[in-house]
Amino acid sequence: KATKYYQEALENMSGLPPAVVADTKIHLAASQYKTGDESAIDRLKQALSELESADHDSYEKNVWVSGAYMKLAELLNSKDYLTKAKEIIDSDPRLAIRLKQWTVLSETLK
């Protein structure tokens, strides 16, 4: 159901900032991948690239970008993406909740 709802959300996001749209695309692609669509990883990476290049509030952007890297780490069981998420988290002390989430995820990927 998540895939359906994210798709519907995207269809109704005209006029919203590109970073918000990109973040929703990331969630959509992650849900598609979880349902077996392996090509969704490419769409997730493309949306992450869009998000990284978007002009947006630094806190929100750091939350979303670190979250996207954490999704990639989880989906692909990749410590490289986990490391990229940690670099962003470490660069912004406001990401205390994200750090806790990262810590839990890092322990599951051992």
Review point. Out of the stretch 1-74, which GluC sites (Glu not before Pro) are coil in DSSP terms and have no more than 11 other C-beta atoms within 10 Å?
Key: 38
Practice item. Throw me the Rg/Rh for the chain, computed over C-alpha atoms with Kirkwood Rh, two decimals. Key: 0.96
Practice item. Using the heavy atoms of the protein chains and a 1.4 angstrom probe, tell me the accessible area per residue for the chain in square angstrom. Key: 59 Å²
Point to revise | Hydrodynamic radius by Kirkwood, which averages 1/r over all alpha carbon pairs of the stretch 1-45, in angstrom | key: 10.5 Å
Practice item. Can you send over the carbon and sulfur percentage of the accessible area for the chain, probe radius 1.4 Å, protein chains only? Key: 51 percent
Check your understanding: Given springs between every Cα pair under 10 Å in a Gaussian network model of the chain, which of 16, 44, 72 has the largest fluctuation?
Key -> 16
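The values are calculated or read from the model by the stated rules, or taken from the named source; none is laboratory data. Predicted model only: the values in this text are computed from it and were never measured. Backbone-built Cβ (ideal geometry, glycine too); neighbour counts: all protein chains shown. Surface accessibility is based on the protein's heavy atoms, side chains included, excluding ligands, DNA and RNA. Shrake-Rupley method; radii C 1.70, N 1.55, O 1.52, S 1.80 Å.
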